[in-house]
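Asker: Sharing a structure with you now.
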Amino acid sequence: MSKGLDSFLLASSLLALNCTPKPLSYHIDEVNDPEEAEEWLGDHITYTPDLVAYDKENFWAPCNTTYQKGRGDCEDYAICAAALLEGDIQKGYLVGLLRPHNIGHMIFAYQKDDRWNFFSDGRLYQTS
């Protein structure tokens, strides 16, 4: 993934955060493109709300932690998608949909081959 991505704010309900994930502490040979990242996320992470996984209302885990626990919620999927695709895309952003006082949902939006696509809860959505 590109280093030093710009942060930006879209309207008052959409927030995109600078996305430069920490390198994974393990090597993943089988992930080389977005489709393989979607498969990896589905095979290794089970959707689990933060209250169940961390006994906290909102916790953003690094991908290493999510991988070790084998569970996470929308922002954990987004953070892992960003980490898995590091180096394989042009630009990437963690995008949070805001509601009063906290994030309501998070996706990972990325640009590859001059097209924008995104991951939501570990599922890949591609433009045609």
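Asker: With each pseudo-label sitting 7 Å past Cα toward Cβ, what's the Arg123-Leu98 distance in nm, one decimal?
Answerer: Reported label-point gap for Arg123 and Leu98 is 2.7 nm.
Asker: To continue, here is another question. Per 0.36 nm of contour for each residue apart, how much would the distance between Gln111 and Lys91 grow if the chain were fully extended, relative to their Cα-Cα spacing?
Answerer: Taking Gln111 through Lys91 to full extension adds about 6.7 nm, to one decimal.
Asker: In terms of the Cα gyration tensor, with a ≥ b ≥ c the square roots of its eigenvalues, is the stretch 51-113 rounded because a/c is under 1.5, prolate because a/b exceeds b/c, or oblate?
Answerer: Judged from the Cα gyration tensor, the stretch 51-113 comes out oblate (a/c at least 1.5, b/c at or above a/b).
Asker: Counting other C-beta atoms within 10 Å, and keeping those with at most 13, which DSSP coil trypsin sites (Lys or Arg not before Pro) do you find in the stretch 54-108?
Answerer: Lys56
Asker: What is the spin-label model distance, in nm, from Thr46 to Asn32 if the labels are put 7 Å beyond Cα along the C-beta direction?
Answerer: Using points 7 Å along Cα→Cβ, the separation is 3.1 nm.
Asker: Something else about it: Carbon and sulfur: what percent of the stretch 38-79's accessible surface (1.4 Å probe)?
Answerer: 47
Asker: Would you mind calculating the gained length between Glu39 and Gln68 on full extension (0.36 nm times residue separation, minus the Cα-Cα distance), in nm to one decimal?
Answerer: That works out to 8.7 nm of additional length.
Asker: Can you tell me the accessible area per residue over the stretch 73-128, all protein chains present, probe 1.4 angstrom, in square angstrom?
Answerer: I get 46 Å² per residue for this part.
Asker: Scan the stretch 42-118 for GluC sites (Glu not before Pro) in coil per DSSP, keeping those whose Cβ has at most 11 other Cβ atoms within 10 Å, and list them by number.
Answerer: Sites meeting the loop and neighbour criteria: Glu57.
The values are calculated or read from the model by the stated rules, or taken from the named source; none is laboratory data. Nothing here was measured: the structure is a model prediction, and the numbers come from that model. We place every Cβ from the backbone using ideal geometry, glycine too, and count neighbours over all the protein chains shown. Surface areas here come from the heavy atoms of the whole protein model, side chains and all, with no ligands, DNA or RNA. Shrake-Rupley method; radii C 1.70, N 1.55, O 1.52, S 1.80 Å.
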